[in-house]
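The values are calculated or read from the model by the stated rules, or taken from the named source; none is laboratory data. All figures in this text were calculated on a predicted structure; none of them were measured in a lab. Here Cβ is always computed from backbone atoms with ideal geometry, including for glycine, and neighbour counts include all displayed protein chains.
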Amino acid sequence: MPARFFTFAMNFNIITLGCKVNQYESQVMSELLRSNGFTLSDNKDTADITIINTCTVTSVTDAKNRKILHKVRRNNPNGIVVLTGCMPQAFPDRISDFEGCDIVLGNKRRKKLVEAINEFLTTHHHIIDIEEHDNKDAEYESVTVKNFDGHTRAFVKIEDGCNRFCSYCIIPYARGRVRSKKPEDLKKEIDALSKKGYKEIVLVGINLSVYGQGEDFDLADAVDIVCSFDEIKRVRLGSFEPEMMYKELIQRFSKQEKFCPQFHLSLQSGCNATLKRMRRQYNQDEYMQIVNSLRKHFDNPSITTDVMVGFAGETEEEFNESLEFVKMVGFSKVHVFPYSRRKGTLADKLDNHIDPGIKDIRSKKMIEECDKLRKAFLESQVGRLEPVLIERLRNNEYYEGYTMNYTPVRAYSDKNLTGDIVDVKITKAFDDYCIGELV
């Protein structure tokens, strides 16, 4: 590839794949670049620098990463392409994934982004900088954000890493061991975001429920800190595992009026035998105890989850057991996805992997039942008067926002409501949203 010379102020674009943690880390990189003189590109297809912040949760996700990378290089052959995130960190030796990249940075080298760009501009040599996670290294990456571009709510990462090594999961290799943001650093970050006018904060992490593990603070302390800021009106949790979700923790959450009763409680399977092969650290009864505790302590909570179908060795009986458990819990929304084999995981070596056609049939059956649960939950919200944080104007026609329990609501108004919290009477439910009237 010929040398590329840039003699002007450079602009950039960031493509983010995956979870809310990745979105937060993309914001970190964006602020880092802008503080060093780079500008956000008006045209994403012709940016001087394109950063692809990857996810690697499944092999399907890896294929999506590669497809986007090839598209960026094809559409912008003279731009600088940076690959970062979980895929290069988890698979540093898979060099074929880095074709078309000028710079490859692992998760631990994110703060070296500007330095790597300057080095590439000077030498025009490809850079691959991936530092392996040290299992003994429990130091949390000291990064914060001052804004959250394009959002009416701000995500705040407070935990990284996972110690559980579920048999299907590669994430501990991409993220390392559990480590947590210090409460004093969280206070400073929330102070900055509150002064920017954000009314809602979403606390996120790789394994959020173990925040503070090995320390003298926990997730309830993080919630208390955010709630202590007058400007912040809502505090929400991102996805979390059943692990460490004790009754005492739930009780502390319930004492905070600003706490949003929306719980994305990861399930993966509703069958005990499948959960055991997955190396999940709970069973049906323990999961249901948490659900019952949440419903006991909160009025009108929303409980959502992820369910995997077609895991290695899953029989028809096991699938049906999982399906019946999902129906018994009565989730308000379920993300259903088929298991995909992952090299480097224990599950990849298991026997009796399921035929893709059977996975597809089971996925459709699970989705059909979960769609019914979704509709039933939304219908249960009709007649309620709820505060709604308005996020956007849709189609120059109606405003769209979310209640405390994350019910999507659409309402009409002649006034600009974006960013406001308004009272709405929910009047009608559709398949995936509700209609309401301003009060």
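Within region 220-248, can you find the residues that are assigned to a helix (DSSP H, G or I), crowded, with 18+ Cβ neighbours inside 10 Å and touching a residue at least 40 places away in the same chain (Cβ under 8 Å)?
A222, I225, V226
So K157 clears everything in (1) in a helix (DSSP H, G or I); (2) touching an Asp or Glu at 6+ places or on another chain (Cβ under 9 Å); (3) among the charged types (D, E, K, R) except one condition, right? Which one?
Unmet condition: (1).
In region 163-183, which residues are in contact (Cβ under 8 Å) with a residue 60 or more places away in the chain, at negative phi and part of a loop (DSSP other than H, G, I, E, B)?
Hits for region 163-183 are R164, C166, S167, Y168, C169, I170.
Got a sec? Which of L203, L193, L186 is within 17 Å of the chain's Cα centre (by Cα) and either outside any loop (DSSP other than H, G, I, E, B) or of a type outside the set (D, E, K, R) (or both)? First the steps, then the outcome.
Numbers: L193 fails: within 17 Å of the chain's Cα centre (by Cα); L186 fails: within 17 Å of the chain's Cα centre (by Cα).
Checking each option against the conditions leaves just L203.
When only residues in region 1-20 that are among the β-branched types (V, I, T) and modelled with pLDDT of 95 or more count, which is surrounded by the fewest Cβ atoms within 10 Å (Cβ to Cβ)? Break it down stepwise before answering.
So in region 1-20, the residues among the β-branched types (V, I, T) come out as 7, 14-16.
Right, trim to modelled with pLDDT of 95 or more and you get 14-16.
Values: I14: 23, I15: 17, T16: 20.
Filtering region 1-20 for residues that are among the β-branched types (V, I, T) and modelled with pLDDT of 95 or more, the one surrounded by the fewest Cβ atoms within 10 Å (Cβ to Cβ) comes out as I15.
Quick check, is D93 touching a helix residue (DSSP H, G or I) at 6+ places or on another chain (Cβ under 6 Å), of a type in the set (D, E, K, R) and outside the structural domain of P183 (by TED's automatic domain parsing)?
Here the answer is no, as D93 does not meet what is asked.
Scanning region 206-219 for residues that are under 18 Å from the mean Cα position of the chain (by Cα) and within 15 Å of E184 (Cα to Cα), which turns out surrounded by the fewest Cβ atoms within 10 Å (Cβ to Cβ)?
Checked region 206-219; the qualifying residue surrounded by the fewest Cβ atoms within 10 Å (Cβ to Cβ) is L219.
What pairs can you find where one residue is in region 366-392 and at positive phi, the other is surrounded by 15 or more Cβ atoms within 10 Å (Cβ to Cβ), and their Cβ atoms are less than 7 Å apart, with a gap of 6+ or different chains?
G383/I426
For region 394-416, name all the residues that are crowded, with 22+ Cβ neighbours inside 10 Å and either more than 26 Å from the chain's Cα centre (by Cα) or part of a strand (DSSP E or B) (or both).
Those that are crowded, with 22+ Cβ neighbours inside 10 Å and either more than 26 Å from the chain's Cα centre (by Cα) or part of a strand (DSSP E or B) (or both): Y399, G401, Y402, V409, A411.
Which condition number in (1) buried (at least 21 other Cβ atoms within 10 Å of the Cβ); (2) in a loop (DSSP other than H, G, I, E, B) is the one that H151 fails?
Condition (1) is where H151 drops out.
Would you please name the residue that is nearest to N292 (Cα to Cα), looking only at residues in region 326-374 that are under 23 Å from the mean Cα position of the chain (by Cα) and of a type in the set (D, E, K, R)?
So the residue we want is K333.
Just the residues that are among the hydroxyl-bearing types (S, T, Y) and either crowded, with 20+ Cβ neighbours inside 10 Å or assigned to a helix (DSSP H, G or I) (or both), please, taken from region 26-85.
Once the filter is applied, which keeps residues that are among the hydroxyl-bearing types (S, T, Y) and either crowded, with 20+ Cβ neighbours inside 10 Å or assigned to a helix (DSSP H, G or I) (or both), region 26-85 yields S26, S30, S35, T46, T50, T54, T56, S59, T61, T84.
Any chance region 95-109 includes a residue that's within 17 Å of S30 (Cβ to Cβ), in a helix (DSSP H, G or I) and of a type outside the set (A, V, I, L, M)? Break it down into steps so the answer makes sense when it comes.
Taking region 95-109 as the starting set, the residues that turn out to be within 17 Å of S30 (Cβ to Cβ) are 103, 105, 107, 109.
Imposing the further condition that a residue be in a helix (DSSP H, G or I) reduces the set to 107, 109.
Checking the rest, the ones that are also of a type outside the set (A, V, I, L, M) come to 107, 109.
Yes: one or more hits.
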